[in-house]
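All of the numbers you see were taken from the coordinates with simple rules; none came from a lab. In this text the structure is predicted, and so the values were computed from the model without any measurement. Neighbour counts are summed over all protein chains in view; Cβ atoms, including those assigned to glycine, are modelled from backbone coordinates with ideal geometry.
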Amino acid sequence: MGVTQILFWFLSAMAIGSAIMVITAKNPVHSVLFLIVTFFAISGHYILLNAQFLAIVNIIVYAGAIMVLFLFVVMLMNLNANAEPIKNRTMQFAGIIAGGCLFLVLTAAINKAGNVSSPVQLNVGDYGLIKNLGKTLFNDFVLPFEISSVLFLSAMIGAVVMGKKEE
Amino acid sequence: MLLALDFALILEKLVLILIVVMASLGIAMYTTFAERKVAAILQDRRGPNRAGPFGLLQPLADGLKLFFKEEIIPNLSNKFLFILGPSLAMMTAMMTSAVIPWGDKVHLFGRDIALQIANIDVGILFVFGVVSMGVYGIMIGSWASNNKYSLMGGLRAASQIISYELAMGISLIALIMVTGNLGLKEMVVQQQNGWWNIAKQPLGFLIFLVCSFAECNRTPFDLPEAENELIGGYHTEYSSMKLGFYLFAEYINMFVSSVIMATLFFGGYDCPFVDESAISQGWAAILGVSVLMAKVVAFLFFFMWVRWTIPRFRYDQLMRLGWKILIPLALFNMLVTGAVILYFNK
């Protein structure tokens with residue numbers, strides 16, 4: 001077992017453990033903090049795959065910006081363990097079925113993905129490095145890239161329109 | 001073999017990390033002293049002059065005082081997060097220095113040692129990622145204190161940092177468009193061989209400078225700790241060395257952002273009008289480190305100068321400056337930079 005293997009298992013345990021803590025923690029602020037830990041573990045996996053750009057963007061965008069806003073909302077609304085509403089049986093049952101379906105799809109996807117016996121690719125494959133990623137993105141996938149940026153722009157305008165006070 | 005590692009490399013990096021951490025702590029310590037001295041000079045006073053010759057032992061005395069103070073953890077606070085807050089603030093402040101090139105190579109013990117802990121592909125983005133983490137120390141600490149004033153301070157800090165990060169990022173994009181890569185080391189080498197980036201990106205530098213004042217919570221953007229509205233801001237409930245960590249992290253942040261600005265826009269360890277390749281490697285490294293430090297000292301003095309000259313903004317003015325002036329200005333800068341690059345590469 002090499003260093004990368006040890007790192008892989010460590011990061012996997014961290015990701016899954018903290019993801020479980022996100023849904024089991026009673027205090028919403030703790031949930032948010034565990035979600036941040038999960039994002040860090042996933043970024044670690046990206047680095048193991050030599051996708052440095054993806055790793056750092058995951059940290060900047062998700063852990064650095066979106067989770068700060070989550071934390072903001074949770075702190076401002078003063079949610080705590082007592083404020084959690086009691087969900088009825090039907091809701092819980094529906095949740096179990098929905099979660100189970102997602103689990104099934106994900107398992108099938110991993111099963112179909114082929115060779116996953118080497119989850120760590122350190123120092124091999126430089127596809128995730130910025131230069132190659134940029135070239136691929138702006139040559140082969142320029143149309144989807146531009147379309148998604150238009151999508152982001154419309155979402156941004158939508159947020160501004162909704163956030164504006166009524167005249 | 002279970003762990004096939006290059007132990008010499010690990011040892012080299014560990015020593016380098018130790019030196020960088022110790023140096024930034026020491027410099028931050030004396031920045032607190034310099035701040036008091038500069039304030040005194042600007043206000044026509046003498047400043048601290050009792051502890052040691054010229055008051056040089058004052059930072060040690062301050063540190064000792066903080067250590068000996070009573071440590072209070074509020075009863076209704078969240079104890080784990082209350083301790084985690086200042087630790088995170090300190091950690092994120094120190095982490096940025098990992099990608100900074102402090103100088104060129106030196107040849108020691110038969111090895112070429114690069115004076116940079118990690119030269120990674122995403123260099124400046126790493127700095128940006130760590131800076132965006134910095135807000136957690138403040139938010140977690142302020143929430144865990146279970147105090148309304150602390151929470152208000154923390155929320156102010158968070159919204160301020162998020163707002164100014166945008167303009168900072170856009171001004172960085174323009175810089176990256178000019179340099180064509182993200183590695184800090186490569187940027188310095190480029191500036192050694194050509195013009196400093198300040199000549200190519202003056203507006204970008206100005207935006208970056210204003211934003212780094214806001215990111216460090218320095219005056220005129222120190223709304224998170226506005227004492228006449230919020231008692232002490234996000235660290236109202238903190239005492240003893242935990243308070244010290246928060247205050248100290250601010251000075252480390254100041255030091256690191258000075259280094260980043262010097263590296264990005266002012267040639268890093270490049271000494272102007274000197275051809276580094278003409279002198280021996282060891283002397284070039286010493287020269288490089290001292291030139292970088294001279295630039296950093298100049299920036300630190302500028303931080304203090306502004307603090308004791310310009311009064312604090314109002315919170316709505318701060319937000320207006322960030323969103324309605326700096327971001328459009330940064331976008332304009334990016335567009336102009338793109339147009340110029342397109343024109344010359346045609």
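In nanometres, what is the gap between the two model label sites at B:Arg46 and B:Tyr30, each 7 Å from Cα along Cα-to-Cβ?
Each label point lies 7 Å from its Cα, and together they span 2.3 nm.
Spin-label point model (7 Å from Cα, Cβ direction): what's the B:Ile198 to A:Ile16 distance in nm?
Between B:Ile198 and A:Ile16, the label points sit 5.4 nm apart.
Between B:Leu14 and B:Trp323, what is 0.36 nm times their sequence separation minus the Cα-Cα distance? Round to one decimal in nm.
Residue separation times 0.36 nm, minus the Cα-Cα distance, leaves 107.1 nm.
Could you calculate the FRET efficiency of A:Phe145 with B:Glu71 from 1/(1 + (r/R0)^6), where r is the beta carbon distance between them and R0 is 41 Å, rounded to 0.05?
0.20
Could you check how many percent of all C-alpha pairs in the stretch B:75-210 are farther apart than 24 Å?
When every Cα pair of the stretch B:75-210 is considered, 45 percent fall beyond 24 Å.
Ordered by residue, what ³J(HN,Hα) values in Hz, to whole numbers, does the stretch B:69-74 give under the Karplus form 6.51 cos²θ - 1.76 cosθ + 1.60, where θ = phi - 60° and Gly and Pro are x?
Listing the rounded values in order: 6, 5, 9, 10, 10, x Hz.
At a Förster radius of 35 Å, what calculated FRET efficiency corresponds to the Cβ-Cβ distance of A:Thr24 and A:Lys131, to the nearest 0.05?
0.25
Hull surface divided by four, with the convex hull built on the Cα atoms of the stretch B:1-92: how many nm²?
Its Cα hull, projected and averaged over all orientations, spans 10.9 nm².
I need the phi-derived Karplus couplings for the stretch B:48-63: 6.51 cos²θ - 1.76 cosθ + 1.60, θ = phi - 60°, integer Hz, Gly and Pro marked x.
Going residue by residue, I get x, 9, 9, 7, x, x, 6, x, 5, 8, 4, x, 5, 4, 4, x Hz, with x marking Gly and Pro.
What's the percent breakdown of Cα-Cα distances in the protein assembly as shown across 10 Å bins, shortest bin first?
3, 15, 26, 27, 19, 7, 2, 0
So, with +1 on the Cβ of K and R and -1 on the Cβ of D and E, and no other charges, what is the size of the charge dipole of the protein assembly as shown about its Cα centre, to the nearest 20 debye?
660
At 7 Å along Cα-to-Cβ for each site, give me the label-to-label distance between A:Phe103 and B:Ala23 in nm.
Inter-label distance under the simple model: 5.3 nm.
Please list 3J(HN,Hα) in residue order for the stretch B:168-183, calculated via the Karplus relation 6.51 cos²θ - 1.76 cosθ + 1.60 where θ = phi - 60°; whole Hz, with x for glycine and proline.
4, x, 5, 5, 5, 4, 4, 5, 5, 4, 6, 7, x, 8, 9, x
How much space per residue, in cubic angstrom, does the convex hull of the C-alpha atoms of chain B take up?
Taking the convex hull of the Cα positions in chain B, it is 178 Å³ per residue.
Beta carbons within 10 angstrom, averaged per residue: use that to sort the peptides B:284-292, B:33-41, highest first.
Those peptides, ordered most packed to least, come out B:284-292, B:33-41.
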